[in-house]
Amino acid sequence: MVGTGYHEKVGLPHAEVIALQQAGEKARDATLYVNLEPCSHQGRTPPCVEAVIEAGVRKVVLATMDPNPLVAGQGIKRLQDAGVKVKTGVLEEKALRLNEVFVKYITTRTPFVVVKAAMTLDGKIATQQGESQWISGEKSREFVHKLRSISDGIMVGINTVLQDNPRLTVRLDAEESMKQPWRIIVDSQGRLPLEARVSQQTDSSKTVVATTQAMPAGKRDVLISQGVEVVTLPEHGGRVDLAALMRELGQREISALLVEGGGVLNYALLESDLIDKLYLFIAPLLLGGKTAPSPFEGEGVKRLTDAWKVEHLELKQLDNDLLVIGYPTRRDEDVHRDRGRTGGAG
């Protein structure tokens, strides 16, 4: 192995370029292994395929074709036209998981949505009185901040803001925290307090409030004067249309969205088939309580056969907590009709 690389940040050189720079002259007649087809278009950086050809690489082994319509096989063709051997489809499934955020965003122009929730063994995210800090342990909370650091935005519903007054920022060592994600608040009626932490623009994080025409004009004007971006969206059942919100966030180039909301927002996203991945932290506690909130509330399903299945499960242990990672399945329209699909939250 004479050179390795990965794409560290938007605007910086892609993985191939970094690996070729490390290899130098040793790249000539070498084999390049890459998880995604080298780009063939001029974007924020020059096309990688030309760097590969100029370096004299003999063969390229790649896992997946680039789903970007601007590439989509053009990189492979350019390599082959230049006499470079190309082998595709190696470890393709693993590569798709590795690039899941990019694949979702580039093909739909909407964010890859990750829902995180911390709960007790009996499935409660807070006591009946609303106390939730802290259910999970310190190591789990540190893991969440790492999730935040690789996300473009953090989204919560207005009830979470009213209950917890969160900052929704990354709090890690400076070298680990490369950026502050946008803070997205789903607030259909305009109940966001002007003094809330997320209403104060005191750092590099931008706050976006997703609302409807129900927000009072005066409240909207004051929030805007404080530096908050207010986005007025269509409503669904009196609440923000979440599918419309995802399109808006995609237009703002938010490709990775971490949701840290409560049961109402989480269920609305689940019901609308908008959740791509789950991170569920389970702490060794029992709260009980018939009215204690759970990660997914709403109406729920009437039959077990209508339940969402969670696939590709991964289990980790973080001190005393368990972390379950998985991907919820999509449901067909017949099931949506039976459930009375909602689509709105906040």
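The values are calculated or read from the model by the stated rules, or taken from the named source; none is laboratory data. Treat the numbers as computed from the prediction; the structure is a model and nothing was measured. Note: ideal-geometry Cβ built from the backbone for every residue, glycine included; neighbour counts use all protein chains shown. Ligands, DNA and RNA are stripped out before the accessible areas are found, and what is left, the full protein with its side chains, is counted by its heavy atoms. Shrake-Rupley method; radii C 1.70, N 1.55, O 1.52, S 1.80 Å.
Quick one: count up the residues across region 203-227 that are open to solvent by less than 60 Å² (accessible area, probe 1.4 Å), under 21 Å from Asp152 (Cα atoms) and of a type in the set (Gly, Ala, Ser).
Total meeting the criteria: 3.
With respect to the numbered conditions (1) closer than 28 Å to Thr127 by Cα; (2) under 25 Å from the mean Cα position of the chain (by Cα); (3) hydroxyl-bearing (Ser, Thr, Tyr), which one is the sole condition not fulfilled by Thr291?
(2)
Go through region 132-156 residue by residue and tally those that are under 21 Å from Ser204 (Cα atoms) and either under 14 Å from the mean Cα position of the chain (by Cα) or open to solvent by less than 20 Å² (accessible area, probe 1.4 Å) (or both).
13
Val230 - would you say it is open to solvent by 10 Å² or more (accessible area, probe 1.4 Å) and in a strand (DSSP E or B)?
Spelling it out, Val230 is indeed open to solvent by 10 Å² or more (accessible area, probe 1.4 Å) and in a strand (DSSP E or B).
Give the residues of region 185-202 that are open to solvent by 70 Å² or more (accessible area, probe 1.4 Å) and in contact with a Ser or Thr (Cβ under 8 Å, 6 or more places away or on another chain), sorted by residue number.
If the condition is that a residue be open to solvent by 70 Å² or more (accessible area, probe 1.4 Å) and in contact with a Ser or Thr (Cβ under 8 Å, 6 or more places away or on another chain), then Gln189 is the only one that fits.
Can you confirm whether region 240-259 contains a residue that is open to solvent by 40 Å² or more (accessible area, probe 1.4 Å) and farther than 22 Å from Asp152 by Cβ?
No, region 240-259 contains no residue that is open to solvent by 40 Å² or more (accessible area, probe 1.4 Å) and farther than 22 Å from Asp152 by Cβ.
Taking the condition exposed (fewer than 14 other Cβ atoms within 10 Å of the Cβ) and out of contact with any strand residue (DSSP E or B) (no Cβ under 9 Å at 6 or more places or on another chain), does Lys9 pass?
In short, yes.
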